[in-house]
Each structure stands twice: as structure tokens, then as C-alpha cells.
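Worksheet: one structure, shown below.
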Amino acid sequence: MPLVKRILVAGGAGFLGSHLCERLVEQKHDVICLDNFFTSQKSNVVHLLDNPNFELIRHDIVSPILLEVDEIYNLACPAAPGHYQYNPIKTMKISIQGSINLLGMAKRCNAKIFQASTSEVYGDPEVHPQPESYRGCVNPIGIRACYDEGKRAAETLFFDYHRMHKTNIRVCRIFNTYGPRMHPFDGRVVSNFIRQALGGEDITIFGDGSQTRSFCYRDDLVEGFLRLMNAPDDIVGPINLGNPGEYSILELAELIIEIVGSKSKLVHRELPPDDPTRRQPDITLARKHLDWEPKVPLREGLEKTIEWFRTIEMEHYRPPTP
Ligand code: NAD
Ligand code: UDP
């Protein structure tokens, strides 16, 4: 029987966090889900509320909180450009002050702590695909910087706690991930295109659509989280988690139109500033240290995601509020 741990999932009501909570509850751990519902809703975890191994706390990680835990996953941060640009100063505070609060908790409880970092630390990369050793090309004063620089500073804090206090840390860099429970109005490419295709609306391609992204299915990614958290203590990261399949935004649009069987037309809109031109993870380290690689092909993952989008009531999802 594996050891039952008390595990805090900050941002646990979100798209990735709610799936992580499910996996941890299935493993019989005692799960504390902490969330301020800035970009999520209770419905993501309502099915877990009756489970005696699950509890839900409404709290903002920018303020300290006193809990006794064995492990902490820090996923609390708006992830989509439209969400993190809503209040960029708050976004930076979440990554920095929020991380300091959770790292302080980890230090006090001697708990292992995991940081959901991002491929955005690579900015608009000059190296392709991106290995963890690449230090990135981020515009520190651009409109994406609140997120990119916040996550970079959070990585710094994690490694300084590790060096100074021997805190047991895990840092992963997540590449674009999609799947059921992603926020339908987060403005990201997968949710926009699926909504537009299902509604027969024009598909909005920003720029010429030649920019690329690598899309990882939610279940694959969360499996990577668990493997990294449970890896030997010398595997602290940073470690890339993402699907190395690289697609242009035009290819993605065409695939979604085909799966939905939609009559939507492609229209071009202005490319937002600092939009990275290419992105693809080098997952050599994840393969080697975690024996991990994604299993779900893009078409299959999109089919599942589209099925989920067909079942939800869109008006149930709120735009982010402070
Ligand atoms: P999400 O917006 O669904 O989840 C974030 C959760 O954190 C939400 O439930 C939100 O309400 C909560 N939250 C935000 N600010 C908070 C605060 N101050 N205090 C407490 N809770 C707060 O997004 P997601 O896609 O599930 O992302 C989870 C994590 O993974 C984030 O840290 C994000 O930066 C990272 N990430 C995600 C992706 C992706 O493609 N989904 C890519 C790179 C990194
Ligand atoms: N994008 C697009 N149409 C949309 C939304 C996004 O063409 O309706 C583009 C966007 O410009 C970017 C890519 O899709 O090049 C991925 O954008 P997303 O916001 O999903 O994630 P990120 O840029 O953070 O990777």
C-alpha cells in the first residue's frame, strides 16, 4: 500500500489542477485544493466534494496561509494571454509573492514543492526545438512579460530556496496543453477554434498562421507532473513537458474544421505583439529521467476535447474577475 500523503494543489480548481486533484484522490491521497476561482469555477471539482479525501479552500496565494502538508503543487496562475493580461501587475504578484508564500510553507513543513513553469520562459526562441539549457529570448517590457518574467522569477525563487534551504523542489516547463475543462473563453487558440467551428463562425487566424505550437493532451501532461513529483530527489528540473508534434496555426484550424465537420471560413486578424513564431519542446530529459512521453495524438485529443465542448453550457463560464 503506497504512503498516503497530504497534498496541497494550489490552482486545483483549474483546467490542469482539477485533473491533477482527480488523479491524486484516486491514489487515496488527502488532497487540499486551494483556489481563488479567478479563471475557473467550482463545477470543475464539484464531483470531488463528497470524497472524504478532498477538501476545497477559497484563497488567494498572494496572501499567506498556514497549512500542514507533505507535498505542494503550485499551479495557481492565470495561463492564457487574455487572462494573465487582464491585470498584469497581479499576474506578476501571483508568480512572485504567491511562490514565496508556498515556498515558505514548504520550508516550514519540510514539504516537497512542484512549480508549474512554462515554455514561455523561452520567449520567442532563437533555438529550435527548445532544450532546458536554452535561456530564452523574452521581451521584459512587452505585454506578455508579466507572465513570462513572473514565471522566470518564480523559477529563480525555487532554485534559491533549493540552494539556501535545501527545499525539495520540482520545476517543469509546460508547453501548450489542451483538453476537457479548458476555459472555453480563455481566448487561446484551441478553445477559440473549437468554439468558432462548432458555432459555424469565422476562425480567427492571427497573422498568416505560419507560427507553430506543440499541443499536449491534458492526461499526458498530468502523468508527467506525477512522474516528476515522484522522481528521485536529484531530479529537480527544470524539465520540459509537452508534445513534440509541431503544427502551424493554419494546420490546427484545418484539423479542427475537419473533425467538427464545420463550414467555418478562415479569416486573418492582426498578430498580437511578441507572439512567438515557433515552439516545440525538446523532451530528451523527460524521456530519460521520467520515462515519459506523450501518448495521445493531436487528432484523438482534439476529438475528446470537441466532444466535451459539445456538452457544456457556455453561459456557465464567467470571464475572469479579480
Ligand atoms: P487555469 O487558469 O485553468 O488554472 C489556474 C488556476 O489557478 C485557476 O483555477 C485559477 O482560478 C487559479 N488561480 C489563479 N490565480 C490564483 C491565486 N492568486 N490564488 C489562488 N488560485 C489562483 O490554467 P491551467 O491551464 O490549468 O494552468 C495551470 C498552471 O499551469 C498555471 O500555473 C499555468 O501557468 C501553467 N501552464 C499551463 C499551460 C497550458 O497550456 N495550459 C502552459 C504552460 C504553463
Ligand atoms: N491564435 C490565433 N487565433 C486565435 C487565438 C490564438 O491565431 O483565435 C494564435 C496566437 O496568435 C498564437 C497561437 O495561436 O500564435 C497560440 O496562441 P495561444 O493564445 O493559444 O497560446 P500562446 O501564444 O500562449 O502559446
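All of the numbers you see were taken from the coordinates with simple rules; none came from a lab. These numbers come from a predicted model, not from an experiment. FYI the Cβ positions are ideal-geometry reconstructions off the backbone, even for glycines, and counts take in every protein chain you see.
Go from 0 up to the bin containing the longest alpha carbon distance in the stretch 170-256, width 10 Å each, and give me the % of pairs per bin.
Cα pair-distance distribution for the stretch 170-256, in percent: 16, 41, 27, 13, 3, 0.
When the helix-only estimate is applied to the chain (DSSP H runs of n ≥ 4, each -39,500 (n - 2.57), divided by the residue count), what is the mean residue ellipticity at 222 nm, nearest 500 deg cm²/dmol? Mind showing how you got there, number by number?
Values: 10 runs with 110 residues, N = 322.
Taking each H run of at least 4 residues, the total per residue is -10500 deg cm²/dmol.
Can you compute the charge dipole magnitude of the stretch 138-255 about its Cα centre, using +1 on each Lys and Arg Cβ and -1 on each Asp and Glu Cβ, nothing else charged? Give it in debye, rounded to the nearest 20.
Working: 13 positive and 16 negative charges, 96 e Å.
The calculation lands at about 460 debye.
At what distance in nm do the modelled label points of SER43 and ILE143 sit from each other, each positioned 7 Å from its Cα along Cα→Cβ?
2.9
Hey, got a sec? Which trypsin sites (Lys or Arg not before Pro) in the stretch 10-74 land in a DSSP loop and have at most 15 other Cβ atoms within 10 Å?
LYS28
Efficiency by 1/(1 + (r/R0)^6): what FRET value for ARG6 and LYS304, r their Cβ-Cβ distance, R0 = 25 Å, to the nearest 0.05?
On the way: r = 31 Å, r/R0 = 1.26.
For R0 = 25 Å, the calculated efficiency reads 0.20.
Please list log₁₀ I(q)/I(0) at q = 0.06, 0.08, 0.12, 0.14 Å⁻¹ for the chain, using the Debye equation with identical point scatterers on the alpha-carbon positions.
Log-scaled intensity ratios, in q order: -0.19, -0.34, -0.79, -1.11.
To the nearest µm²/s, what D does Stokes-Einstein give for the stretch 25-142 at 4 °C and 1.567 mPa s, using the Kirkwood radius over alpha carbon pairs as Rh?
Values: Rh = 16.3 Å.
Roughly 80 µm²/s, to the nearest whole number.
List the residues, sorted by chain then number, that are 5 or more residues from ILE174 or on another chain and whose placed amide H is less than 5 Å from its amide H.
SER117, THR118, SER119, LEU241
Antiparallel versus total DSSP beta bridges in the chain: what percent is that, nearest 5? Write down the numbers at each step before the final one.
Numbers: 3 of 38 bridges.
Percent antiparallel among DSSP bridges in the chain is about 10.
By how many degrees, between 0 and 90 and to the nearest 10, does the Cα long axis of helix 15-26 differ from the longest principal axis of the chain?
50
Suppose R0 equals 25 Å. What FRET efficiency, 1/(1 + (r/R0)^6) with r the Cβ-Cβ distance, do ARG287 and GLN27 give to the nearest 0.05?
Working: r = 24 Å, r/R0 = 0.94.
Rounded to the nearest 0.05, the efficiency is 0.60.
So if we plug the beta-carbon distance of THR204 and ILE100 into 1/(1 + (r/R0)^6) with R0 = 30 Å, what FRET efficiency do we get, rounded to 0.05?
Working: r = 38 Å, r/R0 = 1.26.
The value I calculate is 0.20.
Is there a quick way to get the dipole size of the chain? I mean about its Cα centre, with the Cβ of Lys and Arg at +1 and of Asp and Glu at -1; what is the value in debye to the nearest 20?
Numbers: 37 positive and 42 negative charges, 129 e Å.
With Lys and Arg at +1 and Asp and Glu at -1, about 620 debye.
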